Amino acid sequence: MNNYLLIPFLPLAAFLINILLGRNFLKEKAHWVSILAVAGSWVVAVMTLVDTMAGKTINQDLYSWIVSGNFKVSVGFLIDQLTVVMLIVVTTCSTLIHIYSVGYMHGDKGYYRFFAYLSLFTFCMLMLVMANNFLQLYFGWEGVGLCSYFLIGYYFDKKSASDAGKKAFIVNRFGDFGFGIGIFMIFLTFGTIYYEPVFAQAGGFANNTVNFLGYDVHLMTLIALLLFCGSVGKSAQMPLHVWLPDAMEGPTPVSALIHAATMVTAGVFLVARCSPIFSLSETALMVVALTGAITSLFAATIGLVQNDIKRIIAYSTISQLGYMFLACGVGAYSAGVFHLYTHAFFKALLFLCAGSVMHAMAGELNLQKMGGLKKYMPVTYLTMLLASLSIAGVPGFAGFFSKDEILWLAYSGPSPVGKLVWAIGTVVAFLTAFYSFRLIFLTFHGKFRGTHEQEHHLHESPKVMTIPLILLCVGAIASGWVGIPHLLGGGAHFTEFMKPVLGHPEGHGTHSEEWMVMAVSVIAGFSGIGLAALFYLVRTDIPVKLAAGLSGVHKLLFNKYYVDEFYSFLIVRPAIWTAKNILIGITDAKIIEAIVNGVPKAIGGFSQVIRKVQTGFLQHYATIMATGILIIIALMLLR
Amino acid sequence: MMEQVIMNKLGFPILSTLIFLPIAGAALLLLIPRAKESLAKWVGLLVSIAAFILSIPLFTNFDKSTHLMQFAERHAWIPSWNITYYLGLDGISVLFVLLSTLITILCVLISWNSIKTKVKEFYISILIMEGAMIGVFCSLDFMLFYLFWEAMLIPMYLLIGVWGGPNRIYAAVKFFLYTLVGSVLMLVGIIVLYFYAGRTFDILELMTKTYPYQMQFWLFWAFFAAFAVKVPMFPVHTWLPDAHTEAPTAGSVILAAVLIKMGAYGFLRFSLPLLPEASRAMTPVMLTLSVIAIIYGAVICLAQTDLKRLIAYSSVSHMGFVTLGIFALNLQGMEGGILQMINHGVVTGALFLSVGAIYDRTHTRQIADYGGVASVMPVYATAFMIFTLASIGLPATNGFIGEFLIILGGFTANQWAGVLAATGIIIGAGYMLWLYQRVFFMEVNQKVAGLNDIDAREIITLLPMVLLIFWIGVYPNAFLGFMHESVKHLLERVNSGSVHEMNMAKNIMELIK
């Protein structure tokens, strides 16, 4: 049975129906098509999960896509343990966010369009994770990027929104540039771009070097790093992270689905999927681990001082994605995917709660204008609090188990940078707890700081929004329970399940060391929460003084280390300047055109002929001129 | 020794019909009184539709298992000079005939209301253009080819010069001179070949001979003059922005979709098989020029303020991909190059059709005069978005398949060429999305407020392009399948024979000696 084909193609059908019929026929009922489709996908995904747990995997081509000589690629599907986890994450989050959107987008003039894009996104994301070859992965990869572009720029009449969409697309193209060349290198090395033969043969190339652009480099390091370029773009890692905070211009459900739970984790998925390649290169793994660690620290520090509720969560996402790369980089792929899976729930929940707050505050995003909302919106408050406890790594919550697994494997694993990234990860755990609770306290506790009019409007969101919050909250708490470590009496089922695809990472350490790592991260989490409570509940004067006292640092963080300004100065403006002043102004106008217009002039009076075309001399002159020269050459050749 | 060909077995001389039906249609138009404008339009439309329908057997009855010329027709024409009327198609040329017949219909449709002066003459020009274009792709006799090649020049010159924008005379003359100078050089090359090969213009027969490397070298550059101008390759591209900008919509569409393909077609049909050793030796130059065109054309788009000029410069960049693929001299590159010629015809043709549709409403080409069009014209905005995405090579659109194969081929031939060409894709996304943002997003500009969305006629004009974009993007094998045998055969020919290093200085010195 090819039931699994329904998983991607139901949302595709919903997209086509909505985009063709939505504007004139479905209108405010457009959500039904999309919700039914994605819920159908979810049901089939769960069935597929059951099959996979029974040990059944699928690797099948649907039809031949491109054939050119020895280059052959199909649209085909691979469903193994890694795929099925992604299927569950994508369809679950997508379904709940679809339902939430019914309330959030209610009354919007582009209602059908919104649901059409959500369906298209779900289709592309599913094609991405279900691919059995690199080119189809690339198709899904660009497809989700496109949907992200559409949805970030959903309110396209706003300049900032359309700027942000464009920025996301173009920044991602920089990463995809490397990714694409990586695919070429894979084809030239293996003669195929299907996962199965590529991964099977990768070991045979472990010690090969290759000449790349004149340099001799280690082949597997090169391929791994080129692929990683794509991950850096899609998962918003340094130095290509700049698009994700701006992506918050999109409607909040989009931020939850695309820019937290699913699309941005595609980069982590790629590294995990290609683990047979990455594992052959210590250098590449080290780059992945350090990129992840540095990004997670960098983004967390920015998150400390931002005031925009969605941007804080966006920086938090960048930081947590860094965590996942950190895990992959120390060889703990399954821990990275485990964090991907728990993160999807609590981060989607955080965004949807933020959306619920915005809904109540009539679109207000500034934390400084909120406060005391807990009594107006108890469900939102409670679910957001639980999500924050999860991200802060409080024991028992989902985030605790995945974070602990990463830190332990970093500490105990064979990676040469393991101890370093463990230390960074622990600091980040502290910062994460701090900024997450800064957000909670400033939003829900204390006194309301907005206008009277806003205060009058405060209300809990409708059921269609709060029920998805509650369901996601279950995930934010319980999703980690499938991966309770042996140390705490669990079975580490998640790692076991992933073993056939991602291998089993080896940690070398004693039980007491394992307890120590866990204790340190829990202490880091609690002290972050405690410090946030002190700053924003008890001594609210401290942060103000601190910001004034360290105004240089504060300004640097508040302005996000000026990375955007740096790129604008280094790339964007020089490119346009060159085009205007050199290419158009000098090369085209002064050099080429001068020759083109100058040759006839030099021959004599040709410019006058140009003005009197109708005399018919034109053809005459040109013919004589050119034939004359050429006959001479021809005669010489024929001698 | 003669190459084998497969004579036409369709029961009617399909290629001659396709060439002369439009020309007969043009003659018929001559008889129509000047005042009966709508009758002239309908004749133009029906003739172009008839030609398209008659061209369908080329798609359905083409034998994909051979590289031989098919649907061939051969008659003596000027026996004293051994010139024959010799037509045939292979996997390299067949798709371009189909593209030409389709594009002509769309050009007639898009001009329906926008051409208001000399209506009859306009459609005559379009139909003659169609006949000449098809003739170019079908000719297997070099003289016949040259005849059609030059014949195209006249209706295009008139289209720009008569129905063009304010600066049309300058643009038309520039177009004419540029291409004529190139063509004349080619003519000399043809004559040299004629004498050397024992007085024959038969292209297939010429291909069976081998020529001394010195001669190949000079002929390569003589042909280059003609073909590079048409493509247009850097640095002989400056006629294109002017011609495109000033031409009426139909003129821009024909230029972009078919006319500039003839340069690349010329390389494939003549330079490579006739001059294989020179072609191989010149690869470094050709790859360099291609990469320069890709990046140069793309960067220059960033600073354009005129809609049509931007799309014209983007053609320089996209055609750089085509020549890169061809001169990668491997299967992926060349098939990608040929497919990209079709793709570029579809996508850039569609972009010019779209620009024409909105120009008819606003009469401005300045990007700054637009803004917020997506709010006023949602259907139009959707179509334009699809064309934009195809232009920047998004997977599942045709642009992706072509660019991917080209860069793969280019990368295989020369890593630097592949890597540098890939940067063109980043810049491409930059200028196209920025263009889209400035025209369609943000607040509604007063100048476009209240415009009507595209009507049924315009939707019918754009729809075939949308369908082709996804058809080629999702199932490219339907089109790549035509090429495999012919491209394989061509590559075998190019890659046989002795190797010559590229040493231009030496070649020139030897000539002087």
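Screening A:Met53 on (1) away from every other protein chain (no Cβ under 14 Å); (2) free of Cβ contacts under 8 Å to residues at least 60 places away in the same chain; (3) hydrophobic (A, V, I, L, M, F, W, C) shows it passes everything except condition (2).
When A:Ser34 is tested against (1) over 22 Å from the mean Cα position of the chain (by Cα); (2) part of a helix (DSSP H, G or I); (3) within 14 Å of chain B (Cβ to nearest Cβ), exactly one condition is not met: (3).
When residues in segment A:550-582 are screened for being exposed (fewer than 12 other Cβ atoms within 10 Å of the Cβ), more than 30 Å from B:Tyr296 (Cα to Cα) and of a type in the set (S, T, N, Q), 1 of them pass.
Among the residues of segment B:326-336, count how many are buried (at least 24 other Cβ atoms within 10 Å of the Cβ) and either more than 11 Å from chain A (Cβ to nearest Cβ) or farther than 16 Å from B:Val494 by Cα (or both). Total satisfying the criteria: 4.
For segment B:235-248, the tally of residues that are touching a Phe, Trp or Tyr at 6+ places or on another chain (Cβ under 6 Å) and either β-branched (Val, Ile, Thr) or under 14 Å from B:Pro155 (Cα atoms) (or both) stands at 2. For A:Thr192, the requirement of being among the β-branched types (Val, Ile, Thr) and surrounded by fewer than 24 Cβ atoms within 10 Å (Cβ to Cβ) is met. Looking across B:Gln437, B:Gln446, one residue alone is polar (S, T, N, Q) and touching a Ser or Thr at 6+ places or on another chain (Cβ under 8 Å). It is B:Gln437.
Residues of segment B:11-43 that are within 17 Å of B:Leu89 (Cβ to Cβ) and hydroxyl-bearing (Ser, Thr, Tyr): B:Ser16, B:Thr17. Would you call B:Leu451 more than 10 Å from chain A (Cβ to nearest Cβ), in contact with a Lys or Arg (Cβ under 6 Å, 6 or more places away or on another chain) and at pLDDT 85 or above? Yes; evaluated as a whole, the condition is true for this residue. A residue that is aromatic (Phe, Trp, Tyr), under 27 Å from B:Gln366 (Cβ atoms), more than 11 Å from chain A (Cβ to nearest Cβ) and surrounded by 22 or more Cβ atoms within 10 Å (Cβ to Cβ) occurs nowhere in segment B:190-201.
Here's the yes/no breakdown for (1) out of contact with any Phe, Trp or Tyr (no Cβ under 7 Å at 6 or more places or on another chain); (2) crowded, with 23+ Cβ neighbours inside 10 Å; (3) small (Gly, Ala, Ser); (4) part of a helix (DSSP H, G or I):
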| position | (1), (2), (3), (4) |
| --- | --- |
| A:Glu196 | yes, no, no, yes |
| A:Pro239 | yes, no, no, no |
| A:Asp246 | yes, no, no, yes |
| A:Ser255 | no, yes, yes, yes |
| A:Val264 | yes, yes, no, yes |
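Can you list residue pairs whose Cβ atoms sit under 8 Å apart, with the first residue in segment B:455-470 being among the aromatic types (Phe, Trp, Tyr) and the second being part of a loop (DSSP other than H, G, I, E, B) and surrounded by 13 or more Cβ atoms within 10 Å (Cβ to Cβ)? Count only pairs 6 or more apart in sequence or on different chains. Pairs found: B:Phe470/B:Ala396; B:Phe470/B:Thr397. Against the test of being surrounded by fewer than 20 Cβ atoms within 10 Å (Cβ to Cβ), within 14 Å of chain B (Cβ to nearest Cβ), in contact (Cβ under 8 Å) with a residue 24 or more places away in the chain and under 23 Å from A:Val242 (Cα atoms), the options A:Asp163, A:Asp176 yield a single qualifying residue, A:Asp163.
Within segment A:511-549, being exposed (fewer than 13 other Cβ atoms within 10 Å of the Cβ) and either out of contact with any helix residue (DSSP H, G or I) (no Cβ under 9 Å at 6 or more places or on another chain) or under 21 Å from A:Leu439 (Cβ atoms) (or both) holds for A:Ser512, A:Ala519, A:Val538, A:Arg539, A:Asp541, A:Val544, A:Lys545, A:Gly549. Scanning segment B:478-486 turns up at least one residue that is surrounded by fewer than 17 Cβ atoms within 10 Å (Cβ to Cβ) and part of a helix (DSSP H, G or I). Identify the single condition in (1) touching an Asp or Glu at 6+ places or on another chain (Cβ under 8 Å); (2) within 14 Å of chain A (Cβ to nearest Cβ); (3) surrounded by fewer than 23 Cβ atoms within 10 Å (Cβ to Cβ) that B:Arg438 does not satisfy, given that it satisfies every other one. Condition not satisfied by B:Arg438: (1).
The number of residues in segment A:316-338 that are farther than 20 Å from A:Gly230 by Cα and either at pLDDT 90 or above or not small (Gly, Ala, Ser) (or both) comes to 2.
For B:Gln304, the requirement of being in contact (Cβ under 8 Å) with a residue 24 or more places away in the chain, outside any helix (DSSP H, G or I) and within 12 Å of chain A (Cβ to nearest Cβ) is met. Need the failing condition index for A:Ala429 against (1) part of a loop (DSSP other than H, G, I, E, B); (2) in contact with a Lys or Arg (Cβ under 7 Å, 6 or more places away or on another chain), just the number. In the conditions (1) part of a loop (DSSP other than H, G, I, E, B); (2) in contact with a Lys or Arg (Cβ under 7 Å, 6 or more places away or on another chain), A:Ala429 misses (1) alone. Quick check: is even one residue across segment A:114-135 among the aromatic types (Phe, Trp, Tyr) and either under 17 Å from A:Asp51 (Cβ atoms) or over 19 Å from the mean Cα position of the chain (by Cα) (or both)? Checked segment A:114-135: at least one residue is among the aromatic types (Phe, Trp, Tyr) and either under 17 Å from A:Asp51 (Cβ atoms) or over 19 Å from the mean Cα position of the chain (by Cα) (or both). Within segment B:116-137, one or more residues are under 18 Å from the mean Cα position of the chain (by Cα) and aromatic (Phe, Trp, Tyr).
Conditions tested, residue by residue: (1) under 20 Å from B:Ala243 (Cα atoms); (2) not charged (D, E, K, R).
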position: B:Asn82; (1), (2): no, yes
position: B:Leu87; (1), (2): no, yes
position: B:Leu95; (1), (2): no, yes
position: B:Ile128; (1), (2): yes, yes
position: B:Phe142; (1), (2): no, yes
position: B:Gly164; (1), (2): yes, yes
position: B:Arg168; (1), (2): yes, no
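Each residue in segment A:155-194 was checked for being over 18 Å from the mean Cα position of the chain (by Cα) and either in a strand (DSSP E or B) or of a type in the set (Phe, Trp, Tyr) (or both), and 6 of them qualify. If you check A:Pro500 against the conditions, is it out of contact with any strand residue (DSSP E or B) (no Cβ under 9 Å at 6 or more places or on another chain), closer than 30 Å to A:Pro416 by Cα, not β-branched (Val, Ile, Thr) and not in a helix (DSSP H, G or I)? In short, no.
Can you work out which of the residues in segment A:142-160 that are within 8 Å of another protein chain (Cβ to nearest Cβ) and of a type in the set (A, V, I, L, M, F, W, C) is surrounded by the most Cβ atoms within 10 Å (Cβ to Cβ)? Only one residue tops the list, namely A:Leu146. A:Asn59 satisfies every condition listed in (1) in contact with an Asp or Glu (Cβ under 7 Å, 6 or more places away or on another chain); (2) over 30 Å from B:Gly336 (Cβ atoms) except (2). Listed by position, the helices (runs of 4 or more DSSP H) enclosed by segment B:350-415 that each have at least 3 residues that are hydroxyl-bearing (Ser, Thr, Tyr) and either within 13 Å of chain A (Cβ to nearest Cβ) or buried (at least 21 other Cβ atoms within 10 Å of the Cβ) (or both) are B:378-391.
The values are calculated or read from the model by the stated rules, or taken from the named source; none is laboratory data. Here the structure is a predicted model, which is why all the values come from computation and not from measurement. Ideal geometry is used to build each Cβ from the backbone, glycine not excepted, and the neighbour counts take in all protein chains shown.
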